[in-house]
């Protein structure tokens, strides 16, 4: 509702300035005053106009004051300081509109493609992967249509590098360290399944083992590195036993990854695989286009001689002119002198596909059926009924997924340079609009606090114990596996639920513990801005006090308990607000210090659409996480100040109940966008 008033006010100001001063304003700044008694909207407008009108800001403010006060929803306008315009809202009117769930619409046209998770399918997911997946899933929820907003048509994809060096390492491990053939790998995987041993966990240990094996015998290091490279090339080429082993293991690990993510409520629409990007010749098509348009060229001298290169993004953006006397030594290599394509080269082709600019598409096959939709995987050709990858006979998506109007890539900050180069390649090819619609949601890594590392059983040196956090390393086998962490979070929540609610049925206690544990994990990884390094601590994450998921969940549960004890429905209470007289019934209850405390809850709830828009524009779910905490905190303060159930004044009781209802309604919504559920009890 706050956003609706902002938009109405903006329209009024634009008309007013045009009529009075013949000025067409640019972006109008609207601020939230530091204290509620100063109003709800502060306008520095007079200061922005002072130079253009050659008047003192306070004089301009005085000229605008009366006209602005006539804007619907504005109760009064006061001038503060040298010319600030402080606007106070019509509290009774706004409360009734909010009770009726009137709010501005967030959404638009076009297809938005969110890529996240993208774990190498060679071992179990770890806590760092969870930050990526939870960020991407929450951002997709923020964009997607739901009961609150029209949103955008949104597709979620998880890029699977099934032909990369880390998969090659696992193939080396099973063939060289374990001496397995293709049939041997099949038998090994079947034995793991029969014994209840998870493939991704077995590969976790193998990956650490083979990483050490490469360096274990100094005279043979070069030989083993060549073996690794030869294995990689065989996997990329396909059509051989090593490639089949790689596909078998990578597909099996991928299935485990999806099961892990589904525990957190994370689902996907499409799984594009690098094997299809290679074998469907996406890069060759992209290369031809880049050469044709002069973006990619063969370097004939200097350190990059024999390589195909393009200008670096930073040089192109700065308008740096190439010297006629020598090569561009800072150029980005896309094809090495030995003919192999770099990561950036393949990624450029992939993003041309994402925007529908490549003229090619994948084949599609069903891979996983979620309760509400199907997750597809890329294939060389359409995989119909009877295919190993196909679970039902439904053919394929009608439109595919390569037709995005905007893309968002959740990839860690170490990939800032490659992502910038992909963006620059789009611009250099003449696709400026697509380049602008390319967003890299980068983020910093996740470590463990010393306390958490010790709790998980890791042996730490004195040097490690003195650090602020312990960095995880898959190659060293050090780090908490995602499923182990989820299990630990749920188990700790379960202990709390058992102590508080022994009277509940076993299944209900288990469901509550799962909701709290998952919510605590998701909130902890979302509350920090993306480029903040996180030291994960599961005890801090599970705390019921402070800026945590359980704290926000508890506020929503507490609000629900009010209605359970009162024997009334939340919606009935909100609908009853329409029967109250704004001036006679509501205005007196929203005035003074006590009324301001009630109003503050409504005001915070009213800003939901505005905060969502800000979070989307900044691609920053942490903005929503902070908002959820503030709303929960304000509701808890309100709860402690007012005796809702014993209130004897029926009008006041209606308002108090409606305050609890609107706080719970919007708290549930924002937690939903963060992928956090609200349990039945806490």
- Message: Taking the number of other C-beta atoms within 10 Å as the exposure measure, put 488, 584, 273 in order starting with the fewest.
- Response: 584, 488, 273
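Scaled to the compact-protein estimate 2.2 N^0.38 Å, what is the alpha-carbon radius of gyration of segment 543-673, rounded to two decimal places?
For segment 543-673, the normalised Cα radius of gyration comes out at 1.06.
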- Query: Using the per-residue mean of other Cβ atoms lying within 10 Å as a proxy for protection, in what order, highest first, do the peptides 627-636, 515-524 fall?
  - Reply: 515-524, 627-636
- Task: Under 1.5 on a/c is rounded, so check that first for segment 2-89, then, if it is not, pick prolate when a/b is larger than b/c and oblate when it is not; a ≥ b ≥ c are the square roots of the alpha carbon gyration tensor eigenvalues.
- Result: oblate
- Task: Sort 149-160, 428-439, 343-354 for me by packing, meaning the mean count of neighbouring Cβ atoms within 10 Å per residue, highest on top.
- Result: 343-354, 149-160, 428-439
- Note on the structure: The FRET efficiency for residue 67 and residue 225, from their Cβ-Cβ distance with R0 = 51 Å and rounded to 0.05, is 0.10
- What ranking do 461, 104 get, fewest neighbouring Cβ atoms within 10 angstrom at the top? 461, 104
- Over the chain, calculate the relative contact order: mean separation of alpha carbon pairs under 8 Å at least 6 apart, over the residue count, as a percent. 14
- Message: Distance between the C-alpha centers of segment 235-265 and segment 1-80? Whole Å please.
- Response: 58
- Message: Between (1) 14, 36, 34, 15, 1; (2) 15, 42, 32, 10, 0; (3) 16, 52, 29, 4, 0, which entry matches P(r) over Cα pairs in 20 Å bins from 0, in percent as derived from the coordinates of this structure?
- Response: (2)
- Modelled FRET efficiency - R0 51 Å, residue 37 with residue 463, Cβ distances, 0.05 increments: 0.45
- Inter-label distance for residue 241 and residue 285, nm, one decimal - labels placed 7 Å from Cα along Cα-to-Cβ: 3.5
- Simple label model, 7 Å out from Cα along Cβ direction - residue 584 to residue 471, nm: 7.0
- Note on the structure: PRE zone check, label point 7 Å out along Cα-to-Cβ of residue 380, amide N under 11 Å, scope segment 228-259, hits 238-240
- Item | Computed FRET value (nearest 0.05) for residue 293 with residue 433, which takes r as the C-beta separation and R₀ as 22 Å | 0.85
- Going fewest to most other Cβ atoms within 10 Å around each Cβ, 374, 340, 452, 117 line up as 340, 374, 452, 117
- Could you let me know the centre-to-centre spacing of segment 127-160 and segment 567-639, using Cα atoms, in angstrom? 26
- Query: Gap in Å between the Cα centre of segment 528-562 and the Cα centre of segment 426-448?
  - Reply: 30
- Query: For the chain, what does -39500 (n - 2.57) per DSSP helix run (n ≥ 4), summed and divided by total residues, give at 222 nm, in deg cm²/dmol to the nearest 500?
  - Reply: -16000 deg cm²/dmol
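Quick note: the coordinates plus some simple rules give every number you see, no bench work behind them. Fair warning: this is a prediction, and the values are worked out from it, not measured in the lab. For neighbour counting, all protein chains shown are included, and Cβ atoms are generated from backbone atoms with ideal geometry for every residue, glycine included.
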